1. Name the residue that is modelled with the lowest pLDDT, counting only residues in region 246-276 that are hydroxyl-bearing (Ser, Thr, Tyr) and not in a strand (DSSP E or B).
2. For the condition closer than 30 Å to Leu97 by Cβ and surrounded by 14 or more Cβ atoms within 10 Å (Cβ to Cβ), what is the one hit in Leu77, Leu8, Leu32, Leu18?
3. Could you please find all residues in region 226-243 being at pLDDT below 95 and buried (at least 22 other Cβ atoms within 10 Å of the Cβ)?
4. Starting from residues that are surrounded by fewer than 23 Cβ atoms within 10 Å (Cβ to Cβ) and in contact (Cβ under 8 Å) with a residue 24 or more places away in the chain, keep the ones in region 140-149 and report whichever is nearest to Leu292 (Cα to Cα).
5. Residues that are under 28 Å from Val296 (Cβ atoms): find the helices (runs of 4 or more DSSP H) completely inside region 129-233 holding 3 or more of those.
6. Looking only at region 220-238, decide whether some residue is in contact with a helix residue (DSSP H, G or I) (Cβ under 9 Å, 6 or more places away or on another chain) and on the phi > 0 side of the Ramachandran plot.
7. Residues that are more than 30 Å from Ile289 (Cβ to Cβ), touching a residue at least 60 places away in the same chain (Cβ under 8 Å) and not assigned by TED's automatic domain parsing to the domain that holds Ile130, at least 1 per element: which strands (runs of 3 or more DSSP E) completely within region 7-105 meet that?
Amino acid sequence: MDNGRLDLNLLLTLEALLAERNVTKAAARLHLSQPAVSAQLSRLREVFDDPLLIPAHRGMTPTAKALDLLGPLREALDQLRIAFHSHKDFSPTRDKLTVTVACTDYVQAAVLMPFAVALRERAPGVRLAIRHLDPASMEQQLSRGEIDLAIATPDPSHAHLRTCHLFTETYVLIGRRDHPCLRSGLTAEEFVKLDHVIVSPSGGAFTTPIDEALAALGHRRQVVMSAASFLFVPEIVSSSDVVALVPRRQLRSQADRLVLVDIPWLSEQFDISLIWHERSHGHAGHRWIRDLFVEVAADEGKRVRMPDLARAGRATKADRMST
């Protein structure tokens, strides 16, 4: 078989001929003229080096090779039709789709957890693959189709990638519930004297952009621990006197174990966006997934708890009374 001479139109003609076993009927099915279908049949015979359909008393009879081709041909064309249909239209209750998302562990906790719950309820046929975000290779992974979406802070140098803003994240200071030094209205001088744990995704660093902001104010905090993951931080904070600045949305399921204190004079924040490649922009299923991310992020934003300043005040007062 000469694969270089095969095209989709020829395969569609072969499918119609094998179904109708009549050139005239196949032509009507394909909305083509009879001579055009006859010409394509001649090309198919050359490509497959086989008569494929032999004239009979009524219509045409497929050869053994044609019958062998019938099953795989239908399956392949059906898969193409499904892919084409899902690209234009998507039914979350019926269609199947696999989506690969790259993000940090913080985003997994703040965004992926509620999204996964909503996804299972609304689109049971959609499978979600979660990968750890590698900023250095994210662009290549998106372009090669290794990942379909990234959820991260957009990089201005990736202007060719498509983005959709999900939310602007702010920080909140956390400590254990009976921490002796946490209260509302902490000054910068009091803040930097606390023992801090920070997150260094690359590992081992003891400074973050927060420290640059503090330096601009003339302060330097005491960083006593560097963690590789945000998910580790609430655990160590809840069982020691170290404190941490963490993204507010990370605490959606952990705030009851901690004291949360706003630091209004430290206005650091960052944006979280959906990031995807042009190759998946028009796909109806991927568009539905992106819309669901936007909806879930908005709903979660309404549920984010403000710092429990009263609890922080009570803990400090109780500690003073016990001394």
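The values are calculated or read from the model by the stated rules, or taken from the named source; none is laboratory data. Predicted, not measured: the structure shown is a model, and the values here were computed from it. A quick note on method: Cβ atoms are made from the backbone with ideal geometry, for glycine too, and the neighbour counts reach across all protein chains shown.
1. So, considering only residues that are hydroxyl-bearing (Ser, Thr, Tyr) and not in a strand (DSSP E or B), the one modelled with the lowest pLDDT is Ser253.
2. Leu77
3. The answer is Val233, Val237.
4. Leu149
5. 138-144
6. no
7. Those strands (runs of 3 or more DSSP E) do not exist here; none qualify.
This table checks each residue for (1) closer than 18 Å to Pro62 by Cα; (2) modelled with pLDDT under 90.
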residue	(1), (2)
Gly4	no, yes
Leu10	yes, no
Leu14	yes, no
Arg21	yes, yes
Ala27	yes, no
Pro35	no, no
Ala39	yes, no
Leu44	yes, no
